[in-house]
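Encoded as structure tokens, the structure appears first; notes follow it.
Quick note: the coordinates plus some simple rules give every number you see, no bench work behind them. Here the structure is a predicted model, which is why all the values come from computation and not from measurement.
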Amino acid sequence: MTDLSINSSRSTNHGVRNLAMTSLGHFVNDGTVFFFPLLVDILVKVNSLSPVFVTFLLGIFYAAASLFSIMVGRISEVWDRKGFLIGIGLTLMALGILGFYEVIIGLLGAALPYVAGLSALSAGVGSSFYHPLGGAILQSTFTPKSRGKALGVNGSMGSVGRAIYPSLLYGFAALLTLDFSFVVFAIIAVISAVFIAFFLRDARSRPQPAREMHEQGKKAKGSRGILTYSIIMLSVVTFIRSTASQGIASWIPSYLSNVKDLGISSLLGYSITLMFIAAIVGQPIFGYFADRMDKRVLLSISSFGTAASTLAYINSSGLESLVFLVIFGFFTFSGFPLLFSLISEYVPRGDSSMANSVVWGLGNQGGMALGPILVGLIIVDNYSRLPFTFTIMVAVTVAAGILVFALPRPAGKAKMSLFG
């Protein structure tokens, strides 16, 4: 790893340790978040749960993640122990997984829906901790010169977690049992939480040089009004885009097992893994072009790519459909880093944390909460309506791709992290 310089008041070992611990947190957090719909689908197949109840569980999970993400920053201001707070978040996710284990073994009787709901709530709240806190730690640990590279390494671990967790689930199930594999993932989350809580050292933000503060203040005074408009519009675009893409992505496991008739099989897990692996390849490609063309165009291309690949996917079969599923993952999960690049150009550095909170927490996470619910409301109790519902979400995605151009043209070509 080269040129990962850190703030002068911090040691190199400290920077490497923080990068390692936050990367571990990102791996576990994103791995759990993005295979949560697969866990829900397993509950459906084992316990014969209705689509309405699936909608209920997904809604609780994503709504909790969205609403609580705004509060995480405030909690961190009162109790500035970010590593310990990340550990708490991972522990809450572990408790949610253990609750699902209790549901899947079928010994709860009438308490099953209540335990399932509380488990989704616990996992959703837990998932809201990592991104605002992990990003803040890396921002204060590394200098502006190397911050993007550190965030890139960190974000790549989140992408790896998303990609391999579904396959790991079936790997553990083959060695143990499907239900006990839930316990293994909970143990992984708890062990990671302990390591992060005790070995991650919070880095306080260094004082800004007078020249840097002057330049930021000048930028803020000259563009405060348009920045407010920019962030509001970017949040709206993000919300619409996330509603559609997450509405599709969260129901793909159910689509594969019920419409494509894969059932609960390793092929289901491998299909989801391939979808997420595509983002690991897609992110550096989007990053390469980020400094060479209008980022709004790139964000629009990612939206249209999601729409086109979804239509191709639901109208194909066999190996061809798997190829289109990979393309869907390439565009859908590679577009998110562009949001943070646009934010960095629309706001001064001193205001970026609040803008990130609004765009990510209300825009992206809010859309993630609404999308699965909308799909569930449309299909009601009939999984065969999923292809039609996905087509509706495609139209919404196209609308988001067009609305991107209501955003002001970025003035500069600030470098972005390749991994979100």
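The figures follow:
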| read-out | value |
| --- | --- |
| Length-normalised contact order for the stretch 12-203 - Cα pairs under 8 Å, 6+ apart - percent | 42 percent |
| Anisotropy class of the stretch 12-77 from Cα gyration tensor, a/c 1.5 cut | oblate |
| Residue-wise HN-Hα coupling along the stretch 182-188, computed from phi with Karplus coefficients 6.51, -1.76, 1.60 (Hz; x: Gly, Pro) | 4, 5, 4, 5, 5, 5, 4 |
